[in-house]
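The values are calculated or read from the model by the stated rules, or taken from the named source; none is laboratory data. All figures in this text were calculated on a predicted structure; none of them were measured in a lab. No Cβ is skipped: glycine too gets one built from the backbone with ideal geometry, and neighbour counts run over all protein chains shown. In case anyone asks, the SASA skips ligands and DNA or RNA and just uses the protein heavy atoms, side chains included. Shrake-Rupley method; radii C 1.70, N 1.55, O 1.52, S 1.80 Å.
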Amino acid sequence: MLDYILIQAANGLVIGVMFALIATGLTIIFSILKIVNFAHGEIYMMGGYFGYYVITLLGVPPFPAVLVAMAITFLFSIGLERGLLTPLYSPRIERKADYGILITFGLSVFLRNIAIILFGPFPLRPPSFIEGSLAVFGGLMISYDRLVAAGGGLLLLVALIWFLNRTVWGQALNAVSQSRESASIVGINSERMYMLAFGVGGALAGGAGALIAPIYSLSPSMGLVPDTQAFVIVILGGLGSVSGTIIAALLLGISQNLFIALLPDPSRGPSYANAFGLFIMMLVLLFRPTGIFGRHAVAMD
Amino acid sequence: MPDTLPAIESSLSARNLAAGYVSGIEILHGVSVDAVPGQIRCVLGPNGTGKSTLLKVLFGFLKPSTGEIRSGPTVLTGVAPHAMGRHGVAYLPQRPSIFPFLSVEVNLRLGAWSFRRRHADVKRKIERAYAQFPILGERRNQTAGTLSGGQQRQLEFARSLFPEPKVFLIDEPTASIEPRITAQIYELIRGLARDGKAILLVDQNIKGALGIADYVYVMRTGSLYTEGPRTEFGDDVELLVSQWLYTHHAAKTA
Ligand SMILES: Nc1ncnc2c1ncn2[C@@H]1O[C@H](COP(=O)(O)OP(=O)(O)O)[C@@H](O)[C@H]1O
Ligand SMILES: [Mg+2]
């Protein structure tokens with residue numbers, strides 16, 4: 001029984017890392033562009049398919065394919081931002097938040113359906129990163145693909161934190177999230193930062209899609225559940241805090257898997273997982289309305 | 001309306017600016033001001049008159065509905081705020097424009113955004129800022145939001161000097177900060193003018209501002225009420241204030 005719980009915790013960690021990649025992207029987009037990107041789960045889905053076709057059509061090996069998929073998702077996201085979101089920055093649009101919701105919600109439905117047309121409704125599975133499983137905890141196995149997904153995801157998160165804190169572009173993103181006005185006073189062109197934020201957020205989600213594909217397979221609707229979970233995580237993490245988001249994602253991934261493991265009938269687990277996340281969110285918001293790690297003073301104009 | 005440049009060469013000149021925040025409600029009704037190299041020009045006037053609005057228009061945060069802003073032959077009307085630095089204009093708004101959750105050092109680094117690839121230059125300027133404002137050096141790793149109001153102003157001033165602007169638009173630099181630093185800030189502004197910078201200073205601290213001003217604009221409800229060299233206003237601050245208050249009152253009850 002203990003073995004079983006440990007392996008579920010390990011699986012939860014893998015899921016938590018994936019949640020973290022998706023949710024940090026959502027957080028970055030939210031804190032820079034001040035919109036909730038409802039199409040973020042579909043960007044994750046597209047990243048998975050980009051990875052799949054880079055491997056199957058171009059013959060790129062699975063590991064570099066993740067990076068190629070991220071690069072494509074980066075450009076794809078910037079294309080979407082330029083094409084659909086620029087009206088947000090024009091003074092002519094008055095209800096910007098409403099515009100953001102409608103356009104990204106529409107985009108999510110559009111991408112999901114275009115994926116059915118282009119990629120087909122049936123699940124696709126790219127080749128494994130590494131075949132086989134590692135025997136751990138006496139007889140129980142954890143697949144190498146899960147280890148790769150968790151390890152690769154953690155690397156990406158470390159790279160993200162380095163980028164945000166140590167590079168001048170990351171610092172400029174941070175500056176824009178704190179005050180667009182002050183950023184433009186020092187000469188930062190906010191519009192370029194919106195592009196960068198949307199691109200980086202998309203690339204992180206795309207990387208998650210490419211990393212998870214050999215484990216769960218790809219389907220046009222694969223973004224729906226992680227998307228809901230990512231919203232929960234972003235709120236738990238305190239809207240706009242990247243480190244808070246990462247910690248919230250890992251906690252949610254692990255506790256959710258343990259919750260499933262302890263259900264009397266584990267086959268019902270997945271259908272309860274979402275409810276579990278939302279339940280936790282309600283509890284946290286009741287007692288800590290700014291999220292677990294909320295910044296009180298952050299300006300959300 | 002004079003179409004030619006004024007007799008004294010100005011670094012930034014605005015003619016007949018009209019502007020507002022929402023359509024139909026005009027805040028500025030045709031204001032003309034100049035920023036002149038080596039001079040401190042003060043914009044004085046009661047609260048809510050549109051002094052801050054004027055600076056926002058000059059820096060491009062608000063588009064004027066009519067009027068023109070130029071720097072020599074270059075028309076700056078409609079230039080976005082982030083590009084104003086390239087035209088040699090710096091802006092220090094009423095609320096310090098620091099990044100409260102970033103460290104003092106990163107705040108300074110971002111002040112060097114326009115020449116970020118010249119690493120040696122960036123480093124040299126940050127070191128010079130620490131030499132000029134030792135408190136910033138001591139607190140370089142602290143987040144800027146933990147600094148006192150006066151220290152935040154010093155950080156902002158230090159940062160604004162990096163791209164070596166010709167024109168400074170400064171909005172109430174001494175509002176609600178320690179008296180000791182107030183004197184320091186006026187001295188700093190004076191030093192900028194001695195170096196040939198053009199200063200447009202908005203201030204509620206009439207005594208302090210008149211102490212360093214070369215030229216005074218008095219604004220009242222969105223228009224220039226009067227202007228002239230400081231010497232013309234004499235040293236009678238009380239008279240000046242009662243003048244606006246009286247006319248303000250008269251305008252209201254009329
Ligand atoms: N962001 C804004 N939106 C709408 N109205 C504003 C805004 N900022 C200032 N105002 C209005 O513009 C007028 C002038 O304000 P301001 O320029 O700040 O005056 P001052 O700096 O002289 O005290 C005031 O009536 C004020 O209410
Ligand atoms: Mg003001």
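Overview of results
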| item | result |
| --- | --- |
| Identity of the residue in segment B:69-95, in contact (Cβ under 8 Å) with a residue 24 or more places away in the chain and open to solvent by 60 Å² or more (accessible area, probe 1.4 Å), that ends up nearest to the other protein chains (Cβ to nearest Cβ) | B:86 |
| Residue list for segment B:44-61, restricted to those being near ligand 1 (Cβ under 9 Å from one of its atoms) and part of a loop (DSSP other than H, G, I, E, B) | B:45, B:46, B:47, B:48, B:49, B:50 |
| Hey, residue A:183 within 14 Å of chain B (Cβ to nearest Cβ), buried (at least 21 other Cβ atoms within 10 Å of the Cβ) and of a type in the set (A, V, I, L, M) or not | yes |
| Residue match in segment A:236-255 (condition: surrounded by fewer than 24 Cβ atoms within 10 Å (Cβ to Cβ), away from chain B (no Cβ under 14 Å) and touching a helix residue (DSSP H, G or I) at 6+ places or on another chain (Cβ under 6 Å)) | yes |
| Segment B:175-202 - residue that is out of contact with any strand residue (DSSP E or B) (no Cβ under 6 Å at 6 or more places or on another chain) and within 13 Å of ligand 2 (Cβ to nearest atom) and, of those, nearest to residue B:219 (Cα to Cα) | B:175 |
| Which numbered condition residue A:199 fails, given (1) more than 14 Å from every other protein chain (Cβ to nearest Cβ); (2) touching a Gly at 6+ places or on another chain (Cβ under 9 Å); (3) of a type in the set (Gly, Ala, Ser) | (2) |
| Every pair of residues 6+ apart whose Cβ atoms lie under 9 Å, when the first sits in segment B:159-170 and is within 11 Å of another protein chain (Cβ to nearest Cβ) and under 17 Å from residue B:33 (Cβ atoms) while the second is open to solvent by less than 50 Å² (accessible area, probe 1.4 Å) and among the aromatic types (Phe, Trp, Tyr) | B:169/B:59; B:169/B:91 |
| All positions within segment B:202-231 that are open to solvent by 20 Å² or more (accessible area, probe 1.4 Å) and closer than 24 Å to residue B:27 by Cα | B:204, B:205, B:206, B:215, B:220, B:221, B:223, B:224, B:225, B:226, B:227 |
| Residue ranges of helices (runs of 4 or more DSSP H) in segment A:142-205 with at least 2 members over 30 Å from residue B:58 (Cα atoms) | A:144-166 |
